[in-house]
Amino acid sequence: MNTGMNTGAPEPVFTQPWHAQVFALTVHLNEAGQFAWPDWTARFSRTLARHGLARELDGGDDYFTAWLETLEELLADLGQADPAEVDRLHAAWESAYLTTPHGAPVRLGR
């Protein structure tokens, strides 16, 4: 892994599948050369400070919501994710899961 992270650190434990997914996507994009890890950590630190999360986090939704916000902003700055398109997809997913019967797979319409 080319993240500059401590390789002796324990593997992270995720409480929600989406936490692991956004983490893995971020690491993948870094390893693919889309951005440098020091840039990522500086941006993520600013997001946490902006959220007022100057405390040790338990890795829950507050932490990964800030993580996702940072990733969306970074990709927008790099011209890889148009904020309007991200908002459109978010609204489409929200509509899809709110109208999907319990237990059925959520599918985006065309």
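What follows is calculated from the coordinates using simple rules that are stated; it is not laboratory data. Only a predicted model underlies this, so the values are computations on that prediction, with no experimental measurement involved. So basically every Cβ, Gly included, is an ideal-geometry build from the backbone, and we count neighbours across all protein chains shown.
Work from the charge dipole of region 17-99 (Cβ charges, +1 for Lys and Arg, -1 for Asp and Glu, about the Cα centre) and give the residue of Ala81, Leu71, Pro38 farthest towards its positive end.
Value computed over the given set: Pro38.
Quick check: residue separation of Ala104 and His51 times 0.36 nm, minus the Cα distance between them. What number comes out in nm? Intermediate values should be presented prior to the final figure.
Numbers: separation 53, 0.36 × 53 = 19.08 nm, distance 3.49 nm.
Once the chain is fully extended between Ala104 and His51, it gains 15.6 nm.
Stretched out fully, how many nm does the piece from Leu78 to Leu25 gain, at 0.36 nm a residue minus the Cα gap? If you can, show how the numbers build up before the last one.
Working: separation 53, 0.36 × 53 = 19.08 nm, distance 1.56 nm.
Stretched fully, the Leu78-Leu25 segment lengthens by 17.5 nm.
Quick check: residue separation of His90 and Thr65 times 0.36 nm, minus the Cα distance between them. What number comes out in nm?
Numbers: separation 25, 0.36 × 25 = 9.00 nm, distance 1.37 nm.
My answer for the length gained is 7.6 nm.
Given charges of +1 on the Cβ of Lys and Arg and -1 on the Cβ of Asp and Glu, with all other atoms neutral, how large is the dipole of region 60-110 about its Cα centre, in debye to the nearest 20?
Values: 3 positive and 10 negative charges, 99 e Å.
The calculation lands at about 480 debye.
Order 29-40, 89-100, 65-76 from most to least packed using the mean count of other Cβ atoms within 10 Å.
Details: 29-40: 14.2, 89-100: 11.1, 65-76: 18.3.
Highest-to-lowest ranking by the protection proxy: 65-76, 29-40, 89-100.
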